[in-house]
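Heads up, the thing below is written out as structure tokens.
Quick note: the coordinates plus some simple rules give every number you see, no bench work behind them. No experiment lies behind these values; they were computed from the predicted model shown. Because the Cβ atoms are built from the backbone with ideal geometry, glycine has one as well, and the counts that use them run over all protein chains shown.
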Amino acid sequence: MLFAPTLRATLRRLDDLLLPPIRMTENRLLSGRVAIVTGASAGIGAATARTLALAGASVVLTARRLDRLEALTVEIEEAGGRALPLRADVVSLSDTREVVRRTLDEFGRIDVLVNNAGIMPVAPLADVRIEEWTSMIDVNIKGVLHFVSAVLPHMIEQHSGHIVNVGSVAGRRPFPGGSVYAATKFAVRALSWGLHLELGSAHGIRVTDIQPGFVSTELLDGDPETAAAWSEAWKGRRTLQPEDVARAIEFAVTSPDHVSVSEILVRPTDQPT
Ligand SMILES: NC(=O)c1ccc[n+]([C@@H]2O[C@H](COP(=O)([O-])OP(=O)(O)OC[C@H]3O[C@@H](n4cnc5c(N)ncnc54)[C@H](OP(=O)(O)O)[C@@H]3O)[C@@H](O)[C@H]2O)c1
């Protein structure tokens with residue numbers, strides 16, 4: 001987000017030149033673990049899936065754009081990892097249940113769920129864009145709840161598991177035009193806290209709310225006007241890259257079992273708010 005698509009594409013190409021090719025890491029802390037990553041077709045989700053796979057996890061990649069999930073699966077498998085691409089819309093409870101069923105069929109367990117899928121249409125409340133508000137509630141809140149409900153029985157039975165919810169800095173402080181989006185991320189933060197209270201000690205399930213600041217992704221691609229305005233506002237300043245958030249998620253899920261990294265706020269150094 002924040003960058004007009006062309007500027008973002010140029011930065012990504014520069015990154016490609018500077019970064020080494022992906023390969024399995026020496027320290028495969030997630031070897032034998034199974035992770036489901038939602039919204040894995042782009043941005044933070046794709047980077048997280050790559051990072052967890054390279055740390056040794058078998059990853060289930062889910063989103064609506066199956067072609068992208070399949071391309072990422074090839075990339076992960078060529079690097080020596082294991083991945084399973086599954087199309088699902090998080091708004092559909094039956095889709096999410098099917099992802100969990102297929103994951104258990106294929107891998108026999110679920111250790112990590114990364115609830116990352118999200119949308120962020122930006123507009124002042126006075127515009128009263130009810131459909132956008134409803135979509136954000138459906139994807140950003142109900143989508144998270146759908147996947148939580150689908151994995152919980154298994155994690156409770158296993159007496160272990162880690163749920164990572166991708167919230168936002170907006171889940172701590174709303175911004176103009178982002179009030180409903182912020183409301184959904186406040187909800188994700190509250191839910192994460194509640195999950196910890198009810199499932200941590202009782203069922204050995206850990207929960208992390210990751211709160212990124214500005215990350216260069218496709219989040220605003222459907223809204224060229226806002227994307228251009230934010231790109232202009234960020235001219236000369238550095239945003240986060242999806243990999244920066246993926247590293248924070250990797251840190252949380254590779255912490256020892258008795259450590260529940262409850263929240264991580266990760267902002268660009270250049271972000272003033
Ligand atoms: N970028 C930022 O600055 C920023 C900051 C803080 C928090 N976040 C949060 O980070 C998360 C990832 O966002 P991103 O920045 O990486 O954006 P992105 O590049 O636009 O990726 C969003 C992902 O969500 C998936 N998605 C959207 N609607 C879906 C649905 N109904 N069902 C299933 N998957 C759906 C998309 O896949 P398909 O379209 O293929 O379904 C895509 O993979 C979001 O929760 C966002 O709120 C982002």
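Of all residues in the range 221-240, those satisfying the criterion of being on the phi < 0 side of the Ramachandran plot, out of contact with any Leu (no Cβ under 7 Å at 6 or more places or on another chain) and either within 9 Å of the ligand (Cβ to nearest atom) or not charged (D, E, K, R) (or both) are 221, 222, 224, 228, 229, 233, 240. Against the criterion of being among the aliphatic types (A, V, I, L, M), part of a loop (DSSP other than H, G, I, E, B), within 15 Å of the ligand (Cβ to nearest atom) and over 14 Å from the mean Cα position of the chain (by Cα), residue 100 does not qualify. Where helices (runs of 4 or more DSSP H) fall wholly inside the range 145-263, the ranges with 2 or more residues that are in contact (Cβ under 8 Å) with a residue 60 or more places away in the chain and aromatic (Phe, Trp, Tyr) are 179-203. Checking each residue in the range 52-70 for being part of a helix (DSSP H, G or I), within 14 Å of the ligand (Cβ to nearest atom) and in contact with a Ser or Thr (Cβ under 9 Å, 6 or more places away or on another chain) picks out 66, 67, 68, 69.
Quick one: is residue 149 surrounded by fewer than 18 Cβ atoms within 10 Å (Cβ to Cβ) and among the polar types (S, T, N, Q)? So residue 149 passes the test. The lone criterion from (1) surrounded by fewer than 19 Cβ atoms within 10 Å (Cβ to Cβ); (2) more than 16 Å from the ligand (Cβ to nearest atom); (3) hydrophobic (A, V, I, L, M, F, W, C) left unmet by residue 205 is number (1).
Among the residues of the range 199-221, those that are charged (D, E, K, R) and in contact with a strand residue (DSSP E or B) (Cβ under 9 Å, 6 or more places away or on another chain) comprise 206, 209. Scanning the range 241-260 for residues that are within 12 Å of the ligand (Cβ to nearest atom) and out of contact with any helix residue (DSSP H, G or I) (no Cβ under 9 Å at 6 or more places or on another chain) returns a single hit, 248. On the given criteria, is residue 166 of a type in the set (A, V, I, L, M, F, W, C), buried (at least 21 other Cβ atoms within 10 Å of the Cβ) and farther than 15 Å from residue 122 by Cβ? When the stated conditions are applied, residue 166 passes them. When residue 224 is tested against the conditions (1) farther than 30 Å from residue 159 by Cβ; (2) in contact with a helix residue (DSSP H, G or I) (Cβ under 6 Å, 6 or more places away or on another chain), the lone failure is (2).
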